[in-house]
Amino acid sequence: MSELTVPSVRDLRQALRHNRRAHSDRTLGDLLTDVYLLAFLVVLYGGAGAYSLRRHLSQPLPAPEGTEASRAWLIVALLVALGAVAWRGLRLVGPLVTTPAVQAWIISSPISRRDWLITPLWWLSVIAGAAGAVVGAAAAWAGLTPQFALAALAGAGAGVVLAALAVRSQADSRVRTRRFTVADGVLAGTVVLVGAAVADATARVRLPFPPVPAFVAALVGVAAAAVAVRLAIQGLVRLDRTALAGGAQVAGAAMSAAVMLDPALLSGVVAASRWRRMGRVHSGHWLPGPPAWVLIQADLRRQWRRRADLFIWAALILLPYAVAVFAPPAVGSARIIAAFVATDRLAGGLRMVVRTPALRRALGGTDASLHWSHLAVPAIGLAVWWAATLPAGGVPAAPVVSALLALGVLGAVYRTATRKPMSYDGGIADSPFGPVPVNLLRQTVRGPDVVAVLVLIGLFTSHLGG
Amino acid sequence: MGDREAGGAVVARKAGANEVLRIKGLRRSFGELHVLRDVNLSLRSGQICAVTGPNGAGKTTLLRCVAGTIKPDAGEIVLLGHAVDEADPRTRAAVASVLDDVDFFPDLSVAEHLELTAYLHATPDPVEVVEEMLTALSLEGARDQVPPTLSSGQRRRLALASCFVRPRRLLVLDEPEQRLDALGKQWLTEQLGREKKQGAAVLMASHDPELVDAVADVRLAIGE
């Protein structure tokens, strides 16, 4: 019996590339056209972006007098929150994602799993590092430090650490079944931190911000990144089919949602994956009453089970207060936008009923009665949220205008939730910026368009009534 | 048993008294493809009509027209004296359906789903009815599970259970035997028999000759 020779990953990749080329009818001309277009877009938009960034970086955000420490704490809180959200996002999709064909190669063949997966790991680290660098520079611009380059380096290190540790966590099967993760705890901690910073700025209790030299942060970031990447590489051999395939579905749905401009394509897959992890709930009975009352009970119970949405709703209460510390003139607009985002989190039941004809048939009643019953919880949530953020300021002095703005936010939430599945028919209109798919645009902005109008009304009426 | 007419149309005899559903001259096309041509049917209370035919013949299209989820190109569908409209609460109150678009709230358990349906349709003793249905369909073990965790067979049984925990005048079932095991099929046959006795009309598409032979009063052969 002859001895089997396992090809190296490099040889296998080369062979696959060769086969792909043999089956492809793409000419060199096509390739050069694509490269030209890509380079054109990178130069055009990248250049504009870089110019805009340099201009902004040369003009640091002005801070209201005496709020420097609070601002610094808020920036740290936002960075931590961003890190926790990024962690959740990374873990949701993998973060190492492979096609089913690659999964078959690395699971079912004796090819070196580590060697195959190390290339995507490097790419992931580069992308995460670049994203982290941008965030670091933004934090410096917002007032954390005047040393942009070192802040960007520290940010890049943090980005790589997050991505690499997420890969390590992906390889750990024990972590996959946990309901609550460290990221959840960090997010909760962030809310406390923002609350403390807001209280600090409002009550003028000065909590000094520790003076950490930027080069120390950058050094720690780079060192931590090196250790994290080493840990991730060690974990690559333990990545099994479940770990690699789990996020591929979410990543595919995210891609479809982005291409088709329909976030529901992603949210459905994410929700199903979350509930599959949850598995069972404690069933309860409904209190007897008219249909609307039973539907409201069901919506409340579902809301209670979607604690992450409730958490975001509650956490967003702090946003207008935080903006009041950063940029007081923007509080009114930020409050309207945050109210919309917070209330929209509570409209999952309405979205479900609108998009699912089978549910409407099963539940009975009219479409209007089903819609109104599922709007009750968002309406109550908005009323509480609106009242809780009144002290942040930025509210039109005339109570009627304030009430109308709140009603408008509810209308925007209703409009967003009752958006029908995307239709890709419709004409293209010529504009000075090129062809515009009018129907697609109209569907995409359904809901946020009302918010934009409300922001304008808020700005124009902020001085009315005293 | 009703009589079969040429062209796949069947008219149940003695129509008129206790008529639940009347379909007259129904046509439906998808582009150039004529799926349903001049379908006529009258279904009385306590009658079961089995729609049979090969895949792609238009069985599901007919059922979806009757449930009101798609509009016919021509003809009329009258349910208890009024034209079928999916959004009409009278249609929703009268028709319990299991079609190919079945879906559930992902965050309510199996038992909660059934109880919610029962309450919304004012079923007497909803908790008791739901418990009986969970036992009958062997879903007791899954009572606290959320729908995304159910197997395809369990989802099918939950969809069927949703129809039977609420009052109904017409059951519209698209291949109800699909994904059911032998015991499940036996239960379905018995349940459909009970539906007849209780006076509900049933319009179902099926590929199972045994089930059709056991329960159907009328057969509507499409595309044969």
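Observations
- In the set A:207, A:193, only one residue is modelled with pLDDT under 85, farther than 26 Å from residue A:124 by Cβ and not in a helix (DSSP H, G or I); that residue is A:207.
- Pairs with Cβ under 6 Å, 6+ apart, first in segment A:114-130 and without any contact (Cβ under 8 Å) to a residue 12 or more places away in the chain, second hydrophobic (A, V, I, L, M, F, W, C) and surrounded by fewer than 20 Cβ atoms within 10 Å (Cβ to Cβ): none
- Those residues of segment A:260-283 which are at the interface with another protein chain (Cβ under 7 Å from one of its Cβ atoms) and either in contact with a Gly (Cβ under 7 Å, 6 or more places away or on another chain) or closer than 13 Å to residue A:306 by Cα (or both), in sequence order: A:271, A:272, A:275, A:278, A:281
- Neighbours by Cβ (under 6 Å, 6+ apart or cross-chain): first from segment A:436-459, farther than 17 Å from residue A:262 by Cβ; second surrounded by 15 or more Cβ atoms within 10 Å (Cβ to Cβ) and basic (Lys, Arg): A:450/A:415
- Among the helices (runs of 4 or more DSSP H) confined to segment B:20-120, there are none with at least 2 residues that are among the aromatic types (Phe, Trp, Tyr) and more than 14 Å from every other protein chain (Cβ to nearest Cβ).
- Test: residue B:219 is basic (Lys, Arg) and on the phi < 0 side of the Ramachandran plot: yes
- Single residue of segment A:337-364 satisfying the filter (of a type in the set (D, E, K, R) and in a helix (DSSP H, G or I)) that is farthest from the other protein chains (Cβ to nearest Cβ): A:344
- Qualifying residue in segment B:180-191 (condition: closer than 24 Å to residue A:278 by Cβ, assigned to a loop (DSSP other than H, G, I, E, B) and over 14 Å from the mean Cα position of the chain (by Cα)): no
- Annotation note: of A:398, A:403, A:362, A:322, the sole residue that is crowded, with 16+ Cβ neighbours inside 10 Å and either within 21 Å of residue A:453 (Cα to Cα) or in contact (Cβ under 8 Å) with a residue 24 or more places away in the chain (or both) is A:322.
- So residue B:149, is it at the interface with another protein chain (Cβ under 8 Å from one of its Cβ atoms) and surrounded by fewer than 23 Cβ atoms within 10 Å (Cβ to Cβ): yes
- Consider segment A:365-395 and keep the residues that are in contact (Cβ under 8 Å) with a residue 40 or more places away in the chain and within 14 Å of another protein chain (Cβ to nearest Cβ). The one that is nearest to residue A:315 (Cα to Cα) is A:377.
- Among the residues of segment B:196-205, those that are under 25 Å from residue A:363 (Cβ atoms) and surrounded by fewer than 21 Cβ atoms within 10 Å (Cβ to Cβ) comprise B:198, B:199.
- Test: residue in segment A:414-435 that is more than 29 Å from the chain's Cα centre (by Cα) and surrounded by 14 or more Cβ atoms within 10 Å (Cβ to Cβ): no
- The requirement of being away from every other protein chain (no Cβ under 13 Å), surrounded by fewer than 17 Cβ atoms within 10 Å (Cβ to Cβ) and either modelled with pLDDT of 85 or more or closer than 20 Å to residue A:77 by Cβ (or both) is satisfied by residue A:330.
- Some residue of segment A:286-305 being touching a residue at least 24 places away in the same chain (Cβ under 8 Å), assigned by TED's automatic domain parsing to the domain that holds residue A:377 and under 23 Å from residue A:185 (Cβ atoms): yes
- Complete set of residues in segment A:284-311 that are aromatic (Phe, Trp, Tyr), assigned to a helix (DSSP H, G or I) and within 12 Å of another protein chain (Cβ to nearest Cβ): A:293, A:304
- The lone exception for residue A:380 - which of (1) in a helix (DSSP H, G or I); (2) crowded, with 16+ Cβ neighbours inside 10 Å it fails: (2)
- For segment A:152-178, a residue qualifies if it is farther than 15 Å from residue A:232 by Cα and modelled with pLDDT of 90 or more, and the qualifying residues are A:152, A:153, A:154, A:155, A:156.
The values are calculated or read from the model by the stated rules, or taken from the named source; none is laboratory data. Everything numeric in this text was worked out from a predicted model, so none of it was measured. Here the Cβ is made from the backbone with ideal geometry for all residues, glycine too, and neighbour counts use every protein chain on show.
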